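Engineer: The structure under discussion is supplied below as structure tokens; questions concerning it will follow.
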Amino acid sequence: MYVTYCLLVFGYTCVNIPYGALCGALTQNIEERAQINTSRSVCAMVAINIINIINIITLPLIAAFGGENQAKGYLLVTVLYGAIFTACHWFCFAKTKEIVAPAEKKSIPIGVQLKAAVQNRPYLIALVGQLLFGLVHYRRSANLMYYFKYVEGNEGLFTTRSWPSEGGSGMRDITAIGELLIDFTPSGKNERGVQLFAENPGGAPANVLAMAARLGGKTAFIGKVGRDAFGDFLRGVLVQNGIDSSGLAVDGAAPTTLAFVQLDENGDRSFTFYRNPGADQMLMEWEIKPELIDNCQIFHFGSVSLTHEPSRSATLYAAQYAKEQGKLVSFDPNYRAMLWDSEEEALEQIKKGIAIADVMKVSEEEAQLITGDKDPAGAPQKLLSMGPALVLVSLGGLGAYYRNHACYGYVSSYQVNTVDTTGAGDAFVGAFLWKVCGMMKEELKFMPDVELRQVISFANAAGALTTTGSGAIPAMPNMEQIRQCQSKEV
């Protein structure tokens, strides 16, 4: 596997060498040079375009060749790439060497060849250019991403080893839009018995991305913060967690939204928001970067950004755009009554979100609010009739109900020592989306019961473990912790 990967990257680099400048070093005859440059440059461009086209369908090829065994699929795709490289190189060199027929073949000493190369300025410029191209392209290479994901088993290493930045191009697993705010969570009392609060990053869409990123996913956030210390802190949190923050806008007037979290004896939460208005509400349509949606596989949003304009229109615009681009659209209402002017308005906007969604996650209370059905097993059927391909109803520490067009049922959760339930539902969604990344709506619509239960069990473990620490993002587990949790008896 490692050898084939090295051959793949080496071949990719060779195909990108600017053949025109290289071939120009072979002769000083202008006509001969023109013939060589023209023929081989065309061959090189054809080869590069073939590889670029193949790159687009690499993930489907891995799935097609490997089935359940993604490592096998990666290996077979690598072999396919190698065959294409070999064919292109043979065509570029073997089929064009007769253009210039030397009078006689002589063996040229290596020292003479090196001297000629050093003295050939176009060749050196091309070589330096290729080196710089490689350095820039390194962190964006799909080949490297596949290697870390399928061979190393941790796509997060791709970010670590490839100089993460706030932006950058390349395919992402999940892009989310919505609120990014500060959660002030209880942190004990001082010597006088006064309640202390700890500053933690919050906001459901950002939490979802953080969970996916923790598992190795490539994610991007679209939203808005204030031009203040809280906004700077939140941008830093996104970057530290490997989330692309190039879609994070800054509002010079409205401050970053704050939320104070109160916990009862069971760790369950209640919120007090300082958001009148908050910067997250002020996101405009024109501030959304379409490329962040174009280059993702899953688009996720919630209803908190639907409470007021202009973020309401911006969010619905982005979700509809994602739908039109063929992205898998995920929606979590995450209903907060105190943020809405009325329950009627909330239901109206939430139903707009449901109409766009392919995957929908709701709490038991939200399912009842939307459908009027108090039965958590029956409500998903009504929600499914509104348009989604799959509905998940989270039951907190008890687990989750699920229903698609092929099956329905219930998956229990894992018993843990709960400290703070903040972000548990978001961790559930983030882990679920990470597991189904790459699937199309029709696949989820008819996903078999056994496979669906496995994915939900994984998501349950992620959500449960998040409750064992304080805050949302800081408490989210990694892959090893989830696997250990799943290995225990439920």
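The values are calculated or read from the model by the stated rules, or taken from the named source; none is laboratory data. Values in this document were obtained by computation on a predicted structure and should not be read as measured data. Counting neighbours? That spans all protein chains shown, and the Cβs are built from the backbone with ideal geometry, glycine included. Protein only, heavy atoms only, side chains kept; ligands, DNA and RNA dropped before computing areas. Shrake-Rupley method; radii C 1.70, N 1.55, O 1.52, S 1.80 Å.
Engineer: Highest mean first, what order results for 295-302, 257-264 on Cβ atoms within 10 Å? Walk me through the intermediate numbers first.
Structural biologist: Details: 295-302: 25.2, 257-264: 18.2.
Order by mean packing, descending: 295-302, 257-264.
Engineer: If DNA, RNA and ligands are ignored and the probe is 1.4 Å, what is the ranking of 435, 327 by accessible area, most exposed first? Walk me through the intermediate numbers first.
Structural biologist: Values: 435 85, 327 30 Å².
Output order, biggest surface exposure first: 435, 327.
Engineer: Here's something else I'd like to know. Given C-alpha coordinates of region 173-321, what is the ratio Rg to Rh with the Kirkwood estimate of Rh?
Structural biologist: Working: Rg = 15.6 Å, Rh = 15.7 Å.
Here Rg/Rh amounts to 0.99.
Engineer: Could you size up the charge dipole of region 397-490 around its Cα centre, putting +1 on the beta carbon of Lys and Arg and -1 on that of Asp and Glu, and report it in debye to the nearest 20?
Structural biologist: Computed charge dipole of region 397-490: roughly 100 debye.
Engineer: Ranking request for peptides 343-350, 328-335: highest mean number of other beta-carbon atoms within 10 Å first, then the rest in descending order. Kindly include the intermediate steps, with their values, before the conclusion.
Structural biologist: Working: 343-350: 15.4, 328-335: 25.8.
Highest to lowest by the protection proxy: 328-335, 343-350.
Engineer: With charges only on Cβ, +1 for K and R and -1 for D and E, what is the dipole size of region 251-363 about its Cα centre, in debye, rounded to 20?
Structural biologist: Details: 10 positive and 18 negative charges, 43 e Å.
It comes to approximately 200 debye.
Engineer: Among 249, 175, 202, which residue has its Cα positioned farthest towards the positive end of the charge dipole of region 173-276, with +1 placed on the Cβ of Lys and Arg, -1 on the Cβ of Asp and Glu, and the dipole taken about the Cα centre?
Structural biologist: 249
Engineer: What percent do you get for the relative contact order of region 231-299 when only Cα pairs under 8 Å and 6+ apart count? List each step's numbers first, then the result.
Structural biologist: On the way: 53 pairs, mean separation 19.1, N = 69.
Reported as a whole number, the value is 28 percent.
Engineer: Search the structure for amide H atoms under 5 Å from the amide H of residue 226, placed 1.01 Å from N in the peptide plane, and list their residues when 5 or more places away or on another chain.
Structural biologist: 231, 251, 256, 257, 279
Engineer: Quick one: which of 364-374, 178-188 comes out on top by average Cβ neighbours within 10 Å, and what's the full order, highest first?
Structural biologist: Details: 364-374: 16.7, 178-188: 22.7.
Result, highest mean Cβ count within 10 Å first: 178-188, 364-374.
Engineer: State to the nearest 20 debye the size of the charge dipole of region 302-460 about its Cα centre, where the only charges are +1 on K and R beta carbons and -1 on D and E beta carbons. Intermediate values should be presented prior to the final figure.
Structural biologist: Details: 14 positive and 20 negative charges, 90 e Å.
Value, rounded to 20: 440 debye.
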